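Trainee: Below you will find the structure I want to go over with you.
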Amino acid sequence: MSGSPPRRGSALAADRAEPRAVRTRERVVRALFDALAAAPLEELTVARLCRDAGVHRVTFYGHWPDIRTLAADVFAEEVDRLARVPEDVISEAAGPAELAAAYERALRDQLREILERRDVYRTLFASGSDAGFRRRLLAAQQERAEAAVTQLARAGAEVPGRASAYPAAFIAGGVVAAFEAWAVGGATGVEAAARAITAQLPGWWPR
């Protein structure tokens, strides 16, 4: 027998690139979305989710320690997915302002997603560090911001301190804070929110 401690939590899960692990995750994620259509996140249980997904509880706990960590994982990825600007859009942009507009369209898509599932995002932001949602979201947004800074600079934008991590960190931190304010608030105007958030971007951001 191995003397190693049992693997637990998403960071110690079965390798997610393995086909069996991928299939398991897809089934659990589908069950999560289906369950959230009928009940709030706070009411979901591992037993119910495993039953709906057709997986054993031991399998679930091999991937996530609890429901909120699963949701934090899934919804941080969903917001990150919507932040992606296609490569052809980047390559075909006529200049930094046109490229910045593409990133702003992605921002509106993210805001729509948060609005559509606002109750879930409110719960995840309120979970603090337990589920790691904010940490996951910030890490993903910083990676996206780093890519945006690089592409905007290549398109001709002058980015002060581009060689440092500060421009991307500043954008990512501000955007995540804005997402939280949007999630916990009561406003529903996506266009108005997008304009207000964009107005807070650094002075070098192309407009």
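The values are calculated or read from the model by the stated rules, or taken from the named source; none is laboratory data. The model shown is predicted, which means the values in this text are computed figures rather than measured ones. Here the Cβ positions follow ideal geometry from the backbone for every residue, glycine too, while neighbour counts run over all protein chains shown.
Trainee: Give, as residue ranges, the helices (runs of 4 or more DSSP H) completely inside region 30-94 that count at least 3 residues that are without any contact (Cβ under 8 Å) to a residue 12 or more places away in the chain and assigned by TED's automatic domain parsing to the domain that holds residue 148.
Mentor: Hits in region 30-94: 87-92.
Trainee: Please enumerate the residues belonging to region 68-106 that are under 17 Å from residue 134 (Cα atoms) and of a type in the set (A, V, I, L, M, F, W, C).
Mentor: 70, 71, 72, 74, 75, 76, 79, 82, 83 - these are the residues of region 68-106 that are under 17 Å from residue 134 (Cα atoms) and of a type in the set (A, V, I, L, M, F, W, C).
Results for (1) under 13 Å from the mean Cα position of the chain (by Cα); (2) crowded, with 20+ Cβ neighbours inside 10 Å; (3) under 24 Å from residue 49 (Cα atoms), shown as yes or no for each residue.
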{"residue": "60", "(1), (2), (3)": "no, yes, yes"}
{"residue": "63", "(1), (2), (3)": "no, yes, yes"}
{"residue": "66", "(1), (2), (3)": "no, no, yes"}
{"residue": "75", "(1), (2), (3)": "yes, yes, yes"}
{"residue": "101", "(1), (2), (3)": "no, no, no"}
{"residue": "105", "(1), (2), (3)": "no, no, no"}
{"residue": "108", "(1), (2), (3)": "no, no, no"}
{"residue": "111", "(1), (2), (3)": "yes, yes, no"}
{"residue": "116", "(1), (2), (3)": "no, no, yes"}
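Trainee: Please tell me if residue 157 is under 18 Å from residue 96 (Cβ atoms) and touching a residue at least 24 places away in the same chain (Cβ under 8 Å).
Mentor: Against the criterion (under 18 Å from residue 96 (Cβ atoms) and touching a residue at least 24 places away in the same chain (Cβ under 8 Å)), residue 157 qualifies.
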